[in-house]
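The values are calculated or read from the model by the stated rules, or taken from the named source; none is laboratory data. All of these numbers come straight from a predicted model, not from anything done at the bench. Here the Cβ positions follow ideal geometry from the backbone for every residue, glycine too, while neighbour counts run over all protein chains shown.
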Amino acid sequence: MVDALGNLFDFVLLPGQAHDLKGVAPLIENVAFGALLADKAFDADWLLAEIDARGACAVIPPKMNRKIQRDHDRHAYKWCHLVENFFAKIKEFRAIATRCEKTACSYAENWRLAATIIASR
C-alpha cells in the first residue's frame, strides 16, 4: 500500500502462491482513507462492500466477467501509476527483485530499508 505521493505506507508478506487480495484486509484495517485505488484483481464484492461501509470511494475497474458492470472513475484511476512507479523503483534493488533473502523477516526488512532510501531521494 502506498500513500497519495507514491511512498510506501505499509505492506504484508504473503506466501508465493497466495493471491494479493488476501493481504488487503490486514492492510486496510484501522486505516482511514477517502479512496482506494486498485487494479482489476481487487474487484471483489466483499472489498467493495467494506470500502462503501467506510464511506470511501472504490476506484477499481470491474472485471470483464462481471454480470453487472459498474462504473469507476477513470480520471482518478490514472493515479494508479504511483503504485506501479513505486514497484519500478523498488525493483532497482537487486536483492528485492530476485528475492535473495532466506527468511521472510530479512526480506521484509530489506523492503523497509529500500522504501526508506527511495523516500529520502
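Of HIS81, HIS72, which residue is under 17 Å from LYS40 (Cβ atoms) and at pLDDT below 85?
HIS72
Restricting ASP39, ASP71, ASP43 to residues that are farther than 26 Å from SER106 by Cα and either in contact with a Gly (Cβ under 6 Å, 6 or more places away or on another chain) or without any contact (Cβ under 8 Å) to a residue 12 or more places away in the chain (or both) narrows the list to ASP71. Here is the figure for the stretch 92-121: residues that are under 17 Å from GLY16 (Cα atoms) and among the basic types (Lys, Arg) total 2. Among residues of the stretch 95-115 being surrounded by 15 or more Cβ atoms within 10 Å (Cβ to Cβ) and part of a helix (DSSP H, G or I), the one that is modelled with the lowest pLDDT is ILE96. Would you say TRP79 is assigned to a helix (DSSP H, G or I) and either touching a Leu at 6+ places or on another chain (Cβ under 7 Å) or among the acidic types (Asp, Glu) (or both)? The answer is yes for TRP79.
Quick grid of which residues meet (1) surrounded by 14 or more Cβ atoms within 10 Å (Cβ to Cβ); (2) under 10 Å from the mean Cα position of the chain (by Cα); (3) free of Cβ contacts under 8 Å to residues at least 60 places away in the same chain; (4) not in a loop (DSSP other than H, G, I, E, B):
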site	(1), (2), (3), (4)
GLY6	yes, no, no, no
LEU13	no, no, no, no
GLN17	no, no, yes, no
GLY23	yes, yes, yes, yes
PRO26	no, no, yes, yes
ASN30	no, no, yes, no
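I'm checking my understanding of the structure. Among residues of the stretch 55-73 that are in a loop (DSSP other than H, G, I, E, B) and surrounded by 15 or more Cβ atoms within 10 Å (Cβ to Cβ), which one is nearest to the chain's Cα centre (by Cα)? Once the filter is applied, the top-ranked residue is ILE60. Residue selection: GLU92 satisfies the criterion of being in a loop (DSSP other than H, G, I, E, B) and in contact with a helix residue (DSSP H, G or I) (Cβ under 9 Å, 6 or more places away or on another chain).
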